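None of the figures in this text is laboratory data; all of them are computed from the coordinates on show. Worth saying up front: this structure is predicted, and the values here are computed from it rather than measured. Please note: Cβ atoms are built from the backbone with ideal geometry, for glycine as well, and neighbour counts cover all protein chains shown.
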Amino acid sequence: MDTNAILGRILHAHREQPGALLPVLHEIQEAVGFIPPQTVPVIATALNLSRAEVHGVISYYHHFRQEPAGRHVVRVCCAEACQAVGGEALAEHARTRLAGSEVTLEPVYCLGLCACGPAVQVDDTQLHAAMTPAKFDALLARLESEQ
Ligand code: FES
């Protein structure tokens with residue numbers, strides 16, 4: 001199904017729902033993998049919002065991607081408990097290691113592993129606790145070998 005058909009189906013399903021913007025955006029990202037820029041004016045018209053309002057919500061929430069993700073998505077926890085045990089240095093290490101890579105790096109704000117941070121999530125399915133730069137490099141090598 002192409003993006004326009006997906007968008008039409010999602011907007012139709014939420015046409016009577018007050019406050020439909022967030023559920024619509026979640027469903028588009030779930031179905032397409034990101035929020036394509038050309039969908040913003042269509043969403044705005046359908047929900048009787050301005051383009052700026054729709055764009056503002058997309059940019060406010062770190063969850064929403066405005067371009068396709070790489071082959072893998074790695075999220076490094078940037079919330080307080082992880083920051084207190086090296087999360088900031090880990091995030092910087094990850095930014096450096098992943099620059100130009102096919103792996104998308106995203107911040108996340110708590111993965112529920114606060115007692116054993118820094119925490120990392122891979123592809124919505126794997127959680128890793130007590131992450132270090134060396135363990136991160138090993139994880140990345142494993143992801144890159146899974147081609
Ligand atoms: S603060 Fe990082 S997992 Fe909760």
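Here are some notes:
- In this calculation the C-beta distance from Glu102 to Glu30 is compared with R0 = 22 Å, giving a FRET efficiency of 0.55.
- Among beta bridges from DSSP that stay inside the chain, the antiparallel ones total about 50%.
- Among the GluC sites (Glu not before Pro) found in region 71-147, those both in a DSSP coil and sparsely packed, with 11 or fewer other Cβ atoms within 10 Å of their Cβ, are Glu146.
- Against the empirical curve 2.2 N^0.38 Å, the C-alpha radius of gyration of the chain lands at a ratio of 1.19.
- Extension gain from Gln17 to Ala115, taking 0.36 nm per residue of separation minus the Cα-Cα distance: 31.4 nm
- Separation between Cα centres of region 91-147 and region 44-75, rounded to whole Å: 23 Å
- Normalised contact order of region 72-145, rounded percent, pairs of Cα under 8 Å and 6 or more residues apart: 38 percent
- Solitary cysteines of the chain, where the nearest other Cys Cβ is not under 4.7 Å: Cys78, Cys110, Cys114, Cys116
- Normalising the average separation of contacting C-alpha pairs (under 8 angstrom, six or more residues apart) by the number of residues puts the relative contact order of region 3-60 at 30 percent.
- Lys135/Ala69 FRET efficiency (R0 22 Å; Cβ-Cβ; nearest 0.05): 0.50
- Sequence-distant contacts, meaning Cα pairs under 8 Å at least 6 residues apart, place the relative contact order of the chain at 18 percent.
- Three-way shape label, region 1-56, alpha-carbon gyration tensor, a/c 1.5: oblate
- Semi-axis lengths (Å, descending) of the ellipsoid that matches the C-alpha gyration tensor of region 72-145: 18, 12, 11
- Amide N of region 70-99 lying under 15 Å from the label point, which is placed 7 angstrom from the Cα of Leu127 along Cα→Cβ: 75-79, 81-82
- Angle between the chain longest axis and helix 3-13 axis [Cα atoms, degrees, rounded to 10]: 70 degrees
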